[in-house]
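Here the structure is laid out as structure tokens; the discussion comes afterwards.
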Amino acid sequence: MLTVDYDRLDLSAGERLLDLGCGFGRHSYEALKRGAEVVACDLARPEVEQVRDLARLLVAEGEVDESVMAAPVQGDAVGLPFDDDSFDRVIASEVLEHIGDDESAFAELARVLRPGGRLAVTIPAWLSETVCWKLSSDYHAPAVPGGHVRIYRLRDVRRKLASAGLQPGRSHRAHALHTPYWWLRCAVGPNREVSENRLVGAYHRVLEWDITKQPLVTAAAERLLNPLLGKSLVVYADKPLHASGSARARQSEDMAHAA
């Protein structure tokens, strides 16, 4: 289940991609299959280890070439362990809403993206997220350690991308069918097991069917509903060709000149 549109990301074979907040690797695997060199990065070690193991399995089964598989990295979004201008493309999927100092994270994403490169940021969409927060305080931080700490509007994301030195571009929403599911989960208690509520369990089975079978009827429904009910907001941004190096370093230089 992909959130990022790879055609809008404009990813080509041979390019180097950072998948930040890789989770269990859904975006990494798609990029590998397209021939990109992928570096999967996550703060959680179990996710990093599972991406490593499944990437090896893809190589063993001949689905991807061994030459494009890079070792997954455990790392923090506010201090990425990569050099300036290291990646042609960057994906940060469902990460920034968890980070208190998100402006530092935006700056780091801009720093490691090469001039002329493109980035895709995905975060929970405003409407879906706002209703979830109102339905249950157990859905987000502080009740959930490491949970969501803020709700973004599109203009917030575009402003923070621009402040980091990037040029915000197109945006879209995804996964509209997941929004009512999470509203229902929040209404009955997000910490309850799915099987404890008959309606939640039934909806969960529909989503599993959609993900595994990818029927045309649900794909059409999502295309129709995404602009309003999309669970995720995806924003694309480019790094200007003249930009290079660390945003933090540039800020320090500006402060020194001002002094």
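Out of the residues in segment 211-243 that are in contact with a helix residue (DSSP H, G or I) (Cβ under 6 Å, 6 or more places away or on another chain) and buried (at least 19 other Cβ atoms within 10 Å of the Cβ), which is farthest from Ala164 (Cα to Cα)?
Residue satisfying both the conditions and the ranking: Leu229.
Looking at the structure I just gave you, is Ser67 out of contact with any Gly (no Cβ under 7 Å at 6 or more places or on another chain), among the hydroxyl-bearing types (Ser, Thr, Tyr) and modelled with pLDDT under 80? For Ser67, the condition - out of contact with any Gly (no Cβ under 7 Å at 6 or more places or on another chain), among the hydroxyl-bearing types (Ser, Thr, Tyr) and modelled with pLDDT under 80 - is met. Residue count for segment 106-131 under the criterion of being among the small types (Gly, Ala, Ser), touching a Leu at 6+ places or on another chain (Cβ under 6 Å) and on the phi < 0 side of the Ramachandran plot: the result is 3. When the criteria are applied in full, Thr130 fails the requirement of being open to solvent by less than 10 Å² (accessible area, probe 1.4 Å) and among the hydroxyl-bearing types (Ser, Thr, Tyr).
Residue check: Glu97 meets all listed conditions (1) at pLDDT 95 or above; (2) closer than 22 Å to Leu241 by Cβ; (3) crowded, with 17+ Cβ neighbours inside 10 Å but one, namely (2).
Checked against (1) within 30 Å of Arg8 (Cα to Cα); (2) open to solvent by less than 40 Å² (accessible area, probe 1.4 Å); (3) among the small types (Gly, Ala, Ser); (4) outside any loop (DSSP other than H, G, I, E, B), Gly201 passes all but condition (1).
The single condition among (1) more than 21 Å from the chain's Cα centre (by Cα); (2) touching a residue at least 24 places away in the same chain (Cβ under 8 Å) that Ile211 does not satisfy is (1). Which residues, counting only those in segment 1-17, are acidic (Asp, Glu), open to solvent by 60 Å² or more (accessible area, probe 1.4 Å) and in contact with a strand residue (DSSP E or B) (Cβ under 9 Å, 6 or more places away or on another chain)? Once the filter is applied, which keeps residues that are acidic (Asp, Glu), open to solvent by 60 Å² or more (accessible area, probe 1.4 Å) and in contact with a strand residue (DSSP E or B) (Cβ under 9 Å, 6 or more places away or on another chain), segment 1-17 yields only Asp10.
Okay, residues lined up against (1) under 20 Å from Leu113 (Cβ atoms); (2) among the small types (Gly, Ala, Ser); (3) under 12 Å from the mean Cα position of the chain (by Cα):
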| position | (1), (2), (3) |
| --- | --- |
| Gly14 | yes, yes, no |
| Leu18 | yes, no, yes |
| Ser28 | yes, yes, yes |
| Gly35 | yes, yes, no |
| Arg45 | no, no, no |
| Gln50 | no, no, no |
| Leu54 | no, no, no |
| Gly62 | no, yes, no |
| Asp65 | no, no, no |
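Applying the selection to segment 152-168, what residues are surrounded by fewer than 18 Cβ atoms within 10 Å (Cβ to Cβ), under 16 Å from the mean Cα position of the chain (by Cα) and not in a helix (DSSP H, G or I)? Correct list: Arg153 only.
Yes/no per residue for (1) crowded, with 18+ Cβ neighbours inside 10 Å; (2) within 18 Å of Gly23 (Cβ to Cβ); (3) out of contact with any Pro (no Cβ under 9 Å at 6 or more places or on another chain):
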site: Ala44; (1), (2), (3): no, yes, yes
site: Val48; (1), (2), (3): yes, yes, no
site: Asp53; (1), (2), (3): no, yes, yes
site: Val59; (1), (2), (3): no, no, yes
site: Asp65; (1), (2), (3): no, no, yes
site: Val68; (1), (2), (3): yes, no, yes
site: Gly79; (1), (2), (3): no, no, yes
site: Asp84; (1), (2), (3): no, no, yes
site: Val90; (1), (2), (3): yes, yes, yes
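Only one of (1) open to solvent by 40 Å² or more (accessible area, probe 1.4 Å); (2) assigned to a loop (DSSP other than H, G, I, E, B); (3) not polar (S, T, N, Q) fails for Gly35. Which number is that? Unmet for Gly35, out of (1) open to solvent by 40 Å² or more (accessible area, probe 1.4 Å); (2) assigned to a loop (DSSP other than H, G, I, E, B); (3) not polar (S, T, N, Q): (1). For segment 84-133, a residue qualifies if it is of a type outside the set (Gly, Ala, Ser), closer than 29 Å to Trp182 by Cα and not in a helix (DSSP H, G or I), and the qualifying residues are Val90, Ile91, Glu94, Val95, Ile99, Asp101, Leu119, Val121, Thr122, Ile123, Pro124.
The values are calculated or read from the model by the stated rules, or taken from the named source; none is laboratory data. Every value quoted in this text rests on a predicted model; they were computed, and no experiment measured them. Every residue, glycine among them, receives a Cβ derived from its backbone with ideal geometry; neighbour counts consider all protein chains shown. Calculation scope for accessible area: heavy atoms of the full protein, side chains included, ligands and nucleic acids excluded. Shrake-Rupley method; radii C 1.70, N 1.55, O 1.52, S 1.80 Å.
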